[in-house]
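The values are calculated or read from the model by the stated rules, or taken from the named source; none is laboratory data. As the structure is a computational prediction, the values presented were derived from the model and not from experiment. Here Cβ is always computed from backbone atoms with ideal geometry, including for glycine, and neighbour counts include all displayed protein chains.
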């Protein structure tokens, strides 16, 4: 078992002010795989103080130099990719092949896209020809608190820490206590890349402790949070007293509209996307809305695909899904499955209990409910597990109404062979993102939602600008070389 009790503060690994051990549980076998310490107020204060002290020099560092140092983080990643992926697999249950192909590579993918977007920032820009001598200067907001989840851990670290540092901010990261090991490796990457002391800091802790402490800290100018809508609301309220900027990326209940003219791969694509990462993705297409003329055959095909998905331990190679992250999550998913049965949805595959052949580990059967009626609990609430709800519709208007009748608005999906229909629906669906016919978001695009999915825009130029503030200046002489550039 790994011992990882220290925090990364001001360029050093330091002991917690008051040790408070927590075992990190391997969800594949329910055994402890590491021990960490949860931070308290003294640790949070030390990390914020280090970030505050480092901010003036880092903000004044030329953008090209910040980019050079951030680029060196990728060298560390490339040297330690296997170790990085194994940590993710062990602590949160992503199968090792999936961790190597999808989870870990989020770091170079987002970093590369941020670096490209970073080159386009005009740090000092004229307001416009209508206002000679008026300038807008883009400046880093200051010390930022980063609170990241366990389900796509390095994805969220990359979407927050990389643009924050590029923008000239200094930061304190509180990763999920369920999956802290990859974050601690990221801290090592930053250290070995030569990121100056205090620019990046890490304190492990839980939401009630370090998370809340960052949210109310007077020296933290911004909180960037990814997690549940419930927690996002609490952070917004906590941050209000100090008028922090708050960027929230929260839950989802994605609708996937499948029409009769969809291509032959649409059903398989839809089911596999839902079951990916064992359904633990806020943008999972968890509501499959199917045109009635192809409803029965779609349900039959979906069952066939779901029953072909294998289940196995995270460190076992091969194409399978792993466990969900912990016992609490497993119990919650089981409760939703039972609720679906009790409320009259038709269980067509999967169901409650452990899969056949498993007596340990937090494994969930890939589960599909058909004949789900809008308003059922499993149709309304985010399950965050491998559970798909299938709902019939008769008209395009009905499909849009069902899709939009949710407090969430992260990602919706369209499967149709009609470009005109796909474009029309993309405008009508109320969400921050719409993916059509299996086309994933392009390089440099943002990730973010509307309504109770939060309104963060993480990725590309939008993700960089979240950490910048515009300053308006009048009487500016653009003939003078500006140090900010």
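Show me the helices (runs of 4 or more DSSP H) found entirely inside the range 369-480 where at least 1 residues are touching a residue at least 40 places away in the same chain (Cβ under 8 Å) and closer than 23 Å to residue 275 by Cα. Talk me through it step by step, then tell me what you get.
Values: elements: 377-380, 396-404, 419-428, 460-465.
Because the criterion is at least 1 residues that are touching a residue at least 40 places away in the same chain (Cβ under 8 Å) and closer than 23 Å to residue 275 by Cα, the helices (runs of 4 or more DSSP H) in the range 369-480 that meet it are 377-380, 396-404.
Do any helices (runs of 4 or more DSSP H) lying entirely in the range 177-269 carry at least 2 residues that are at pLDDT 95 or above and out of contact with any helix residue (DSSP H, G or I) (no Cβ under 8 Å at 6 or more places or on another chain), and which ones are they? Talk me through it step by step, then tell me what you get.
Working: elements: 181-193, 212-216, 229-240.
By residue number, 181-193, 229-240.
For residue 157, indicate whether it is more than 30 Å from residue 478 (Cα to Cα), touching a strand residue (DSSP E or B) at 6+ places or on another chain (Cβ under 8 Å) and not in a helix (DSSP H, G or I).
Working: more than 30 Å from residue 478 (Cα to Cα): yes; touching a strand residue (DSSP E or B) at 6+ places or on another chain (Cβ under 8 Å): yes; not in a helix (DSSP H, G or I): no.
For residue 157, the condition - more than 30 Å from residue 478 (Cα to Cα), touching a strand residue (DSSP E or B) at 6+ places or on another chain (Cβ under 8 Å) and not in a helix (DSSP H, G or I) - is not met.
Each row is one residue, and each column tells you yes or no for (1) closer than 20 Å to residue 305 by Cα; (2) surrounded by 15 or more Cβ atoms within 10 Å (Cβ to Cβ); (3) in the same structural domain as residue 279 (by TED's automatic domain parsing).
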residue	(1), (2), (3)
331	no, no, yes
334	no, yes, yes
342	no, no, yes
347	yes, yes, yes
351	yes, yes, yes
369	yes, yes, yes
378	no, yes, yes
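Only one of these conditions is not met by residue 241: (1) farther than 26 Å from residue 374 by Cβ; (2) buried (at least 19 other Cβ atoms within 10 Å of the Cβ). Which number is it? For residue 241, the failing item is (2). In the set (1) in a helix (DSSP H, G or I); (2) surrounded by 24 or more Cβ atoms within 10 Å (Cβ to Cβ); (3) in contact with a strand residue (DSSP E or B) (Cβ under 6 Å, 6 or more places away or on another chain), the condition left unmet by residue 165 is number (3).
So that you can scan it fast, the table gives a plain yes or no per residue for (1) within 26 Å of the chain's Cα centre (by Cα); (2) in the same structural domain as residue 114 (by TED's automatic domain parsing); (3) more than 29 Å from residue 93 (Cβ to Cβ); (4) in a loop (DSSP other than H, G, I, E, B):
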{"position": "19", "(1), (2), (3), (4)": "no, yes, no, yes"}
{"position": "22", "(1), (2), (3), (4)": "yes, yes, no, no"}
{"position": "35", "(1), (2), (3), (4)": "yes, yes, no, no"}
{"position": "42", "(1), (2), (3), (4)": "no, yes, yes, no"}
{"position": "67", "(1), (2), (3), (4)": "yes, yes, yes, no"}
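Going through (1) crowded, with 16+ Cβ neighbours inside 10 Å; (2) closer than 29 Å to residue 236 by Cα; (3) in contact with a helix residue (DSSP H, G or I) (Cβ under 8 Å, 6 or more places away or on another chain) one by one, residue 407 falls short only on (1).
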